[in-house]
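Single-structure report; data block below.
The values are calculated or read from the model by the stated rules, or taken from the named source; none is laboratory data. Owing to the predicted nature of the structure, the values given are computational and were not obtained by experimental measurement. In this analysis, Cβ positions are derived from the backbone assuming ideal geometry, glycine residues included, and neighbour counts consider all displayed protein chains. Side chains included, ligands, DNA and RNA excluded: accessible areas come from the protein's heavy atoms. Shrake-Rupley method; radii C 1.70, N 1.55, O 1.52, S 1.80 Å.
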Amino acid sequence: MSKMNYQYTADFAREMDEKDPLASFRDRFLFPKVNGKDAIYFCGNSLGLQPKSAKDYIAKELSNWSEMAVDGHFQGEDAWMYARLKSKPALSDIVGAHEHEVVAMNNLSVNLHLLMVSFYKPTKKRFKIIVEGGAFPSDQYMLETQVKFHGLDPEEAIIELIPREGEHTLRTEDILAEIRKQGDSLAMVNMAGLQYYTGQVFDMKTITAAAHEVGAYAGFDLAHAVGNAPLSLHDWDVDFATWCSYKYMNSGPGNVSGVFIHERFADRPDMNRFAGWWGHDQEQRFKMEKGFVPMHGADGWQLSNSDIIGLAVHQASLDIFQEAGIKNLRQKSEHLTGYLAYLIEEINGKSGVLEIITPKNPAERGCQLSLHIHRGGKAVFDEWYKHGVVGDWRNPNVIRLAPTPLYNSFLDVFRFAQILEQSLKKFA
């Protein structure tokens with residue numbers, strides 16, 4: 001990223017917006033209101049905004065359903081039997097994969113469990129899992145119950161990595177050291193790609209290589225990374241990954257998840273998996289015979305037929321991603337988040353009210369900045385909300401803000417800075 005000389009002025013913010021080649025995409029989304037005014041919406045890390053086109057995409061599928069009913073599975077340009085295929089080009093671009101390595105299916109926690117069936121096969125000697133300390137609750141509960149399912153003790157099998165004393169984020173060198181220390185007792189590294197609380201992006205390529213060196217698998221929960229941080233899952237040699245689509249992917253609350261499974265596993269009918277009809281060989285599926293024969297690639301991990309309405313909303317957002325370009329979005333994101341960080345540091349100064357705990361290096365973060373609130377607690381968050389700032393409070397004392405390049409502007413960031421400056425006078 002080229003160095004930017006940021007300025008705390010409305011003129012600078014407006015100039016940046018005028019020069020922004022992605023500025024027009026803001027008008028493709030619907031903004032909520034706070035106290036009757038459009039919100040400063042910095043919460044795409046929790047739920048992305050609704051594309052205005054989502055209604056049309058849904059309406060098209062409702063029309064197909066009304067006009068064709070069951071025949072919609074096989075007739076028309078959007079036959080439902082092949083609905084999964086439409087999202088593959090965009091998903092493969094966003095996560096850095098081949099199309100046969102990705103598929104949209106199920107929900108995130110369901111996919112985490114299904115992938116563990118295939119990739120966590122503990123033995124008496126090799127049974128340990130490395131995860132970052134303070135992982136998102138779904139990941140914690142999933143790992144705990146998977147380990148128990150195999151008759152193992154989570155306290156012994158799950159190794160949680162904690163930052164060094166006085167630090168908020170993990171050092172890559174410490175992650176690698178723990179992988180090497182566990183050696184042939186390690187079955188899997190199963191971490192977030194981007195840590196939800198701190199906003200740290202982990203070095204997935206290096207972590208994967210280290211896991212493979214000791215004979216372990218490497219998989220990642222990309223809920224906060226997909227559509228946000230640069231990903232090259234195939235080239236990084238990652239074994240598996242999964243994500244949700246309702247945060248930076250703007251596909252609606254609770255909408256469909258996606259999985260990546262490296263092509264080395266594309267034709268492995270011998271692998272453990274919980275099978276379903278929709279993962280069975282497409283050419284043989286309607287023979288309705290016993291004996292599961294998985295489809296090629298990630299498609300072979302599907303269970304049920306596709307959620308057509310959910311995929312329609314998902315596609316509305318994916319089409320926007322394709323038009324904007326993931327590399328263009330990343331470039332804007334680095335400048336937008338850099339501007340937010342600059343203004344926070346300028347305004348906060350030595351007040352001691354808050355501290356950015358997300359890494360300063362743009363390569364180690366996405367859109368999100370996590371602010372450790374040292375004085376005022378949740379009252380600081382509530383004060384910002386009164387003035388229209390929609391962020392995300394996380395106990396015990398962190399506010400997460402995520403200026404999202406598809407629909408946030410530099411003027412949004414400037415307006416937030418003015419609110420921040422006023423609030424610090426109250427809590428300093």
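Given the residues N250, N255, which is the only one that is touching a helix residue (DSSP H, G or I) at 6+ places or on another chain (Cβ under 8 Å), on the phi > 0 side of the Ramachandran plot and not small (G, A, S)?
When all the criteria are applied, what remains is N250.
Kindly indicate the residue of the range 380-411 that is touching a Lys or Arg at 6+ places or on another chain (Cβ under 9 Å) and among the acidic types (D, E) and also farthest from G227 (Cα to Cα) among those meeting that condition.
E383
Does any residue of the range 236-253 turn out to be assigned to a helix (DSSP H, G or I) and touching a strand residue (DSSP E or B) at 6+ places or on another chain (Cβ under 8 Å)?
The answer is no; no qualifying residue exists.
Conditions: (1) over 25 Å from G96 (Cα atoms); (2) in contact with a strand residue (DSSP E or B) (Cβ under 8 Å, 6 or more places away or on another chain); (3) at pLDDT below 95. H280 meets all but one. Number of the miss?
H280 satisfies all of (1) over 25 Å from G96 (Cα atoms); (2) in contact with a strand residue (DSSP E or B) (Cβ under 8 Å, 6 or more places away or on another chain); (3) at pLDDT below 95 except (3).
Considering only residues that are open to solvent by less than 10 Å² (accessible area, probe 1.4 Å) and either at pLDDT below 95 or more than 16 Å from A363 (Cα to Cα) (or both), which ones fall in the range 321-339?
Residues satisfying the conditions are F321, A324.
With respect to the numbered conditions (1) in contact (Cβ under 8 Å) with a residue 40 or more places away in the chain; (2) more than 13 Å from the chain's Cα centre (by Cα), which one is the sole condition not fulfilled by V259?
Exception for V259: condition (2).
Sort out which residues of the range 27-56 are open to solvent by less than 70 Å² (accessible area, probe 1.4 Å) and in a helix (DSSP H, G or I), and write them in order of number.
Of everything in the range 27-56, just one residue is open to solvent by less than 70 Å² (accessible area, probe 1.4 Å) and in a helix (DSSP H, G or I), namely A54.
Given the structure, is A275 outside any loop (DSSP other than H, G, I, E, B), touching a residue at least 24 places away in the same chain (Cβ under 8 Å) and within 30 Å of D235 (Cα to Cα)?
no
Out of (1) touching a Gly at 6+ places or on another chain (Cβ under 9 Å); (2) at pLDDT 95 or above; (3) over 21 Å from L47 (Cα atoms), the odd one out for L343 is which?
With (1) touching a Gly at 6+ places or on another chain (Cβ under 9 Å); (2) at pLDDT 95 or above; (3) over 21 Å from L47 (Cα atoms) applied to L343, the lone miss is (1).
Suppose we filter the range 216-239 for residues that are acidic (D, E) and within 15 Å of D139 (Cβ to Cβ); how many remain?
1
For the range 343-363, enumerate the residues that are surrounded by fewer than 14 Cβ atoms within 10 Å (Cβ to Cβ) and without any contact (Cβ under 8 Å) to a residue 24 or more places away in the chain.
E345, G349, K350, K360, N361
Name the single residue that is surrounded by the most Cβ atoms within 10 Å (Cβ to Cβ) among those in the range 183-199 being part of a loop (DSSP other than H, G, I, E, B) and not aromatic (F, W, Y).
G199
L176: surrounded by 14 or more Cβ atoms within 10 Å (Cβ to Cβ), touching a strand residue (DSSP E or B) at 6+ places or on another chain (Cβ under 9 Å) and either assigned to a loop (DSSP other than H, G, I, E, B) or not acidic (D, E) (or both), yes or no?
No.
Assess whether V313 counts as being within 27 Å of G36 (Cβ to Cβ) and either part of a strand (DSSP E or B) or in contact (Cβ under 8 Å) with a residue 24 or more places away in the chain (or both).
no
Here is a check on your reading of the model: is E334 in contact (Cβ under 8 Å) with a residue 12 or more places away in the chain and more than 25 Å from Q50 (Cβ to Cβ)?
yes
Across the range 364-376, what is the number of residues that are in contact with a helix residue (DSSP H, G or I) (Cβ under 9 Å, 6 or more places away or on another chain) and open to solvent by less than 30 Å² (accessible area, probe 1.4 Å)?
Selection size over the range 364-376: 7.
Looking only at the range 284-306, filter to residues that are of a type outside the set (A, V, I, L, M, F, W, C), closer than 18 Å to R268 by Cα and touching a residue at least 60 places away in the same chain (Cβ under 8 Å); which one of those is most open to solvent (accessible area, probe 1.4 Å)?
The extreme case among them is H296.
From the set of residues in the range 201-221 that are in contact with an Asp or Glu (Cβ under 6 Å, 6 or more places away or on another chain) and in a strand (DSSP E or B), which is most open to solvent (accessible area, probe 1.4 Å)?
So the residue we want is Y217.
Provide a single number: the residues in the range 407-425 that are open to solvent by less than 10 Å² (accessible area, probe 1.4 Å) and part of a helix (DSSP H, G or I).
Qualifying residue count, the range 407-425: 7.
Among the residues of the range 278-310, which ones are in a helix (DSSP H, G or I) and of a type in the set (F, W, Y)?
Residues satisfying the conditions are W278, F286, W301.
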